[in-house]
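Read through the structure below, which is laid out as structure tokens, and then see the notes.
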Ligand SMILES: Nc1ncnc2c1ncn2[C@@H]1O[C@H](COP(=O)(O)OP(=O)(O)O)[C@@H](O)[C@H]1O
Ligand SMILES: [Mg+2]
């Protein structure tokens, strides 16, 4: 029964990893941009939520009402004024610029918030749980986090395949020049994609901050987990990203059970294993 | 009586440092069909790209409905009423047939064309509306590309090599539809390798040779030999 418990907890944590990964997957899918600062944006969102909670006394989960729109507006502006200028045939400029953003964010957060670690306090929901089986209790917070992850992935998937914005994303990703002939300005389409990505980043940041302590230098680690989830699941497939997150979460939970020091290592090993066996991930997008 | 819709004056265009168009000038009246002929690499597609705004590196003047649009970008020009059906069709592979058509109407111009009008014109597309656009035959893909262009309800449609890569019988089917496509008084520029077919479908023609106009006017005004001399540069 102990292993059932470990696996279930791993699956639930996988939801958080899928939230880390969904924005990365979205942005790569729409504009082939790899955002090195993605993890730092997640941490920055957690700090933003912390500020909102301090100022308003809101429960951090409800602070999302403020944090998500702010993050989306920021994402739109970031793409419009900075990242759009880096996109082109050469893949190096966006990597360099987002790497630079990562450093700026870490040091900016350090300057404003110091290196002290902080936490978002969501109250009783953090510790409350219900028994599923004998010896297997499900925490409300991990469950909520997982449900939100599934809802976010489902929502993105729906948006991608059933709305005008999703059509614009897919068309621009297919062929941005022909998309211009449809009246679609790729710079605007990309700005909307980044706005959406940052909305998901805000959700991920708040769950990160409620689950554990965070400090200005946690970003790169979250980026790695996000990357691993995306690659395990297969590029360009959002449901694959969710499954990738779950596989990563379960691997880490099993590793930690064998030896507490092996938690992160076990995740990396499974990631390498998947890369070696299926270099395109488990569920790559089927090309037309 | 009929007004000038499109006017091109002394147009020059470059790809990087390579000059491809060397001072083209012509006018197109409302409701006319202009055939653009010339051998491979003459600059026909480049001229269309200049008109619809896909090619920015150019000088001279392009005016449409008495507005100078030389410096406009493609996504604004389509909203002004110029649609390009590009060479090679360029359908969006991630979109279904119907989504490709809907996207063609993205700029929201009013007019006779709608999804149902396109499906009346090409009933097979209605049957295949949910299929991925790349799963269709070449001729059906060309219908989607034409339909997608029409969906923006343009005043001027630029048709670049509709017959490219299609079987003769399919080409004939598409050209039989042409009167319906450019009915409603739509003005069109038709690029076509098959000179006889192009001239039969148009009131005016321009022959381009190495980026310059080598001959132009009404097809009836010239003999076959004159036209082929302009075409091949002999
Ligand atoms: N994207 C491009 N980059 C550089 N040169 C190009 C490009 N497209 C076309 N050209 C060149 O421009 C000239 C005219 O091409 P194009 O307009 O496509 O000819 P046509 O449509 O009449 O066959 C050709 O010499 C061709 O090689
Ligand atoms: Mg051509």
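Counting only helices (runs of 4 or more DSSP H) that sit completely within region A:120-199, those holding 3 or more residues that are touching a residue at least 40 places away in the same chain (Cβ under 8 Å) and more than 9 Å from chain B (Cβ to nearest Cβ) correspond to A:140-162.
Applying the condition of being in contact (Cβ under 8 Å) with a residue 40 or more places away in the chain and crowded, with 16+ Cβ neighbours inside 10 Å to region A:269-283 and asking which residue is nearest to residue A:220 (Cα to Cα) yields A:271. Select from region A:17-74 the residues that are in a helix (DSSP H, G or I), out of contact with any helix residue (DSSP H, G or I) (no Cβ under 7 Å at 6 or more places or on another chain) and within 27 Å of residue A:285 (Cβ to Cβ) and list them in ascending order. A:28 - this is the single residue of region A:17-74 that is in a helix (DSSP H, G or I), out of contact with any helix residue (DSSP H, G or I) (no Cβ under 7 Å at 6 or more places or on another chain) and within 27 Å of residue A:285 (Cβ to Cβ). Number of residues in region B:173-190 that are in a helix (DSSP H, G or I) and surrounded by 20 or more Cβ atoms within 10 Å (Cβ to Cβ): the value is 1. Is region B:28-35 home to any residue that is in contact with a helix residue (DSSP H, G or I) (Cβ under 8 Å, 6 or more places away or on another chain) and within 16 Å of ligand 2 (Cβ to nearest atom)? Among the residues of region B:28-35, at least one is in contact with a helix residue (DSSP H, G or I) (Cβ under 8 Å, 6 or more places away or on another chain) and within 16 Å of ligand 2 (Cβ to nearest atom), which makes the answer yes. From the list A:112, A:97, the lone residue that is surrounded by 15 or more Cβ atoms within 10 Å (Cβ to Cβ) and modelled with pLDDT of 95 or more is A:97.
Here is a yes/no grid of residues against (1) surrounded by fewer than 23 Cβ atoms within 10 Å (Cβ to Cβ); (2) part of a helix (DSSP H, G or I); (3) modelled with pLDDT of 95 or more:
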site	(1), (2), (3)
B:59	yes, no, yes
B:84	no, no, yes
B:100	no, yes, yes
B:117	yes, yes, yes
B:141	yes, yes, yes
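From the list B:38, B:111, B:23, the lone residue that is in contact with a helix residue (DSSP H, G or I) (Cβ under 6 Å, 6 or more places away or on another chain), away from chain A (no Cβ under 14 Å) and on the phi > 0 side of the Ramachandran plot is B:38.
One line per residue, one yes/no per condition, for (1) within 11 Å of ligand 1 (Cβ to nearest atom); (2) within 26 Å of residue B:163 (Cα to Cα):
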{"residue": "B:9", "(1), (2)": "no, no"}
{"residue": "B:14", "(1), (2)": "yes, no"}
{"residue": "B:23", "(1), (2)": "no, no"}
{"residue": "B:26", "(1), (2)": "no, yes"}
{"residue": "B:35", "(1), (2)": "no, yes"}
{"residue": "B:45", "(1), (2)": "yes, yes"}
{"residue": "B:70", "(1), (2)": "no, no"}
{"residue": "B:80", "(1), (2)": "no, no"}
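Each residue in region B:181-216 was checked for being touching a residue at least 60 places away in the same chain (Cβ under 8 Å) and more than 16 Å from ligand 1 (Cβ to nearest atom), and 12 of them qualify. Of the residues making up region B:61-77, those that are within 22 Å of residue A:187 (Cα to Cα), away from chain A (no Cβ under 14 Å) and crowded, with 16+ Cβ neighbours inside 10 Å number 2.
The values are calculated or read from the model by the stated rules, or taken from the named source; none is laboratory data. Model, not experiment: these values are computed from the prediction. As a convention, Cβ positions derive from the backbone with ideal geometry for all residues, glycine included, and neighbour counts pool all protein chains shown.
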